[in-house]
Amino acid sequence: MNIYLIGYRCSGKTSVGKSLAGILGWFFIDLDVEFERQFRMTIFEFVSQHGWDTFREKEHDILKRSCAKTCQVVATGGGVVADPGNIQIMQDSGTVVWLKASIPSIKRRILNDHNTDTLRPALTSKGAVNEIDELMTERTPLYATAADLSVETDHYDVITISRWIAKRLEKSHGLASLKPVK
């Protein structure tokens, strides 16, 4: 079993993922980091050269390979749910947790993140901040469909969120199934 964290950009997937993996004693993988490592360029550079459609194809391949392993907490890209095949892969190999953040929180976090331009390229000509409303409207039903559980991230710190997720998973899956395989 794996745990997949989904949600919009800056919803806390990487921070919560690292923390949750530490609590569980599991491996952590960030699909965006894995993508950049594999292709030896930033997502912004890749999208500039190859386009979003090719990026989504490659993202699917990386997700598919990552779910072949178990006992991982996987931070996905914000748009991973745009491909129904990705949702199926995640649901078939683990539990999907939606980290929900409000639009004002996401805007604030994006503006405060110096990596936004290189790690989170805009999907539209509106720019990363101005496109949030439109993309959240499109993606919210996809996140809801994909998620086994969800947690609000606006008013809680990373440790609190991670502990809450771990506790919920222990209750629903049993503590023994959350221990790492040696």
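Of the residues that make up segment 20-41, is at least one within 15 Å of ASP148 (Cβ to Cβ), part of a helix (DSSP H, G or I) and at pLDDT 95 or above?
Within segment 20-41, one or more residues are within 15 Å of ASP148 (Cβ to Cβ), part of a helix (DSSP H, G or I) and at pLDDT 95 or above.
Show the residue pairs meeting these rules: Cβ distance below 7 Å; 6+ apart or different chains; first residue within segment 1-27 and over 15 Å from GLU170 (Cα atoms) and touching a residue at least 12 places away in the same chain (Cβ under 8 Å); second residue in a loop (DSSP other than H, G, I, E, B) and among the basic types (Lys, Arg).
From segment 1-27, the pairs are ARG9/ARG120.
Is there a residue being within 15 Å of MET136 (Cβ to Cβ), touching a strand residue (DSSP E or B) at 6+ places or on another chain (Cβ under 9 Å) and part of a helix (DSSP H, G or I) anywhere in segment 81-91?
Checked against the condition, which is being within 15 Å of MET136 (Cβ to Cβ), touching a strand residue (DSSP E or B) at 6+ places or on another chain (Cβ under 9 Å) and part of a helix (DSSP H, G or I), segment 81-91 yields at least one hit.
Let me spell it out: the conditions are (1) among the β-branched types (Val, Ile, Thr); (2) exposed (fewer than 13 other Cβ atoms within 10 Å of the Cβ); (3) in contact (Cβ under 8 Å) with a residue 24 or more places away in the chain, and THR54 meets all of them except one. Which number is the exception?
All conditions are met except number (3).
The values are calculated or read from the model by the stated rules, or taken from the named source; none is laboratory data. Quick caveat, the model's predicted, so the values are computed rather than measured. Using ideal geometry, Cβ is built from the backbone for each residue, glycine included, and neighbour counts are taken over all protein chains shown.
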